[in-house]
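Inspection log for the structure reproduced underneath, given as structure tokens.
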Amino acid sequence: MTCEDLLEKHHSDLSSGSFKVDLIVGGPPCQGFSTAGKRNPDDPRNAMTEEYLRLIKIIAPQFIAIENVSGYNMHFKNSKSKNEAPPASYADYISAKLEALGYDVSRGLINCSDFGVPQNRVRYIILCSKKERDKEPNNLFDKLTSRKKEFLKSCGLPTNRKITVSEAISDLCTFGKPLIQNRDSGQSNFQELLYKVPTDKSSYLKLMRKGCGTIPPNSLRLANHKPKTVEYFRLVQSICRPGFSMNIEQRKLAGTLKHSTTVLSPSLPAPTVTTLPDDIVHYSEPRILTARENARLQSFPDWFEFIGKYTTGGSARKSECPRYTQIGNAVPPLLARAIGQLFQEEVLLLANK
């Protein structure tokens, strides 16, 4: 159900005051703000922010959380609209609206790798709570960032360094291991790793495998690369600096115009996982990552199953959400867990007043 449907069909129920909502969480579509796109302030997808604000005004939750791309707080340079100037940034715009509705608003950039995610994924977070009369503003963002070490410790993860790619996906490497026919795509011409749980697991892998026993994760399907594609990936691996996106000279050597290809470094966090499988090349095998490897880099535990198509293209992209897209568009679960725990504690503090 969209915000528009909810507001249109259930407005009287929402405004009746017959129920209480502690928290509303949202992530308006990022395409209008993303630095990977054209950053158009008039992108119609930006209008979902307005629906989100309308919903907040009616329900008046105690707490609000908003997650978006880092470009959410970058200034727009121009606007197609002739009637009014664009906002300085949408983060400024929505924060001013929320403050006018009676909320303490705290916000800023967070690198998900600071919360145990093996990926340099920078996101803009806005955290809000209702203003309390005669009290200092409640800076939830500062509370979240100040408890990073405490959170990592509670997850059994190291507090003095970032989780690396190797710690996250080395058990999913395929060289020298048996392969079987893929079991969850419905297509017989794909293979997957015959997964066996390693005896020596990193702290991160222990967290991802918690509660799974010997059950393998799903979404292990390997790409069916043509020999020419395998050769291309080997060339890319030989000329690229692992962990860094290809530069102009490297793209010329590889004969590609694609801007965002990165070969993973096993000893560093991954770059931002996107919805495009060929943005990232494996660090030791000439292939793209499996959906499960991307999920590991996003901090999805192995018990979480992805279903549906693996990929899609053309006009189907408007109506389908394949596995790589589900994973690439997600908020990393470990960051979501940290934010959820913060709000849980805030709700308990209010209840005990």
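The values are calculated or read from the model by the stated rules, or taken from the named source; none is laboratory data. All of these numbers come straight from a predicted model, not from anything done at the bench. Glycine also receives a Cβ, built like all others from the backbone with ideal geometry; neighbour counts cover every protein chain displayed. Please note that ligands, DNA and RNA were not included when accessible areas were found on the heavy atoms of the full protein model with its side chains. Shrake-Rupley method; radii C 1.70, N 1.55, O 1.52, S 1.80 Å.
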For semi-axes √(5λ) of the Cα gyration tensor in Å, several values are listed as (i) 32, 24, 23; (ii) 38, 25, 20; (iii) 40, 33, 20; flag the one computed from this structure. (ii)
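Which chymotrypsin sites (Phe, Trp or Tyr not before Pro) in the stretch 126-206 sit in a loop by DSSP (not H, G, I, E or B) and have at most 11 other Cβ atoms within 10 Å of their own Cβ? Don't skip to the answer; put the middle values down first.
Numbers: sites: Phe141, Phe151, Phe175, Phe190, Tyr195, Tyr204; in loops: Phe175, Phe190, Tyr195.
Here the sparse-neighbourhood loop sites are Phe175.
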Over the chain, with a Gaussian network built from C-alpha contacts below 10 Å, which listed residue (Thr49, Thr261, Thr229) shows the highest mean-square fluctuation? Thr229
Taking a cut-off of 15 Å between Cα atoms, list the aspartates and glutamates near Lys228, but don't count ones fewer than 8 places away on the same chain. Asp278, Glu285
Folded to 0 to 90 degrees: helix 90-100 orientation relative to the chain principal axis, Cα: 30
Set of aspartates and glutamates near Lys153 by C-alpha distance (under 13 Å), chain-local residues within fewer than 8 positions excluded: Asp114
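Within 10 Å of each candidate Cβ there may be at most 11 other Cβ atoms; applying that plus a DSSP loop requirement, which GluC sites (Glu not before Pro) in the stretch 82-164 survive?
When the GluC sites (Glu not before Pro) of the stretch 82-164 are filtered for loop state and at most 11 Cβ neighbours within 10 Å, Glu84 remain.
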Assuming 0.890 mPa s and 25 °C, estimate D for the stretch 188-287 with Stokes-Einstein, Rh taken as the Kirkwood radius over Cα pairs, in µm²/s. 158
Once phi is turned into ³J(HN,Hα) by the Karplus curve 6.51 cos²θ - 1.76 cosθ + 1.60 with θ = phi - 60°, what whole-Hz value does each residue of the stretch 240-249 show in order, with x for glycine and proline? 8, 7, x, x, 10, 5, 4, 8, 4, 5
Looking only at aspartates and glutamates whose Cα falls under 15 Å of Lys57's and that sit 8 or more positions away or on another chain, we get Glu4, Glu8, Asp13, Asp22, Glu99, Asp104
Given 4 °C and 1.567 mPa s, compute D for the stretch 139-198 with the Stokes-Einstein relation, Rh being the Kirkwood radius over Cα pairs; round to the nearest whole µm²/s. 86
Within the stretch 225-311, DSSP-loop GluC sites (Glu not before Pro) with at most 14 other C-beta atoms within 10 Å are Glu305
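Return the ratio Rg/(2.2 N^0.38 Å) for the stretch 159-233, where Rg is computed over Cα atoms only.
1.29
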May I ask for the Kirkwood hydrodynamic radius of the stretch 212-353, worked out over all distinct Cα pairs and given in angstroms to one decimal? 17.2
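For the stretch 287-345, what mean projected area does the convex hull of the alpha carbons give, in nm²? Mind dumping the intermediate values first?
On the way: hull surface 20.6 nm².
For the stretch 287-345, averaging the hull's shadow over all directions gives 5.1 nm².
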What is the percent carbon and sulfur in the accessible area of the chain, measuring with a 1.4 Å probe over the protein chains and ignoring ligands? 52
The helix 227-239 Cα axis meets the longest alpha-carbon principal axis of the chain at an angle in degrees, between 0 and 90 and rounded to 10, of 70
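Could you report the chain's accessible area per residue, 1.4 Å probe, as an integer in Å²?
On the way: 18690 Å² over 353 residues.
In whole numbers, the chain has 53 Å² accessible per residue.
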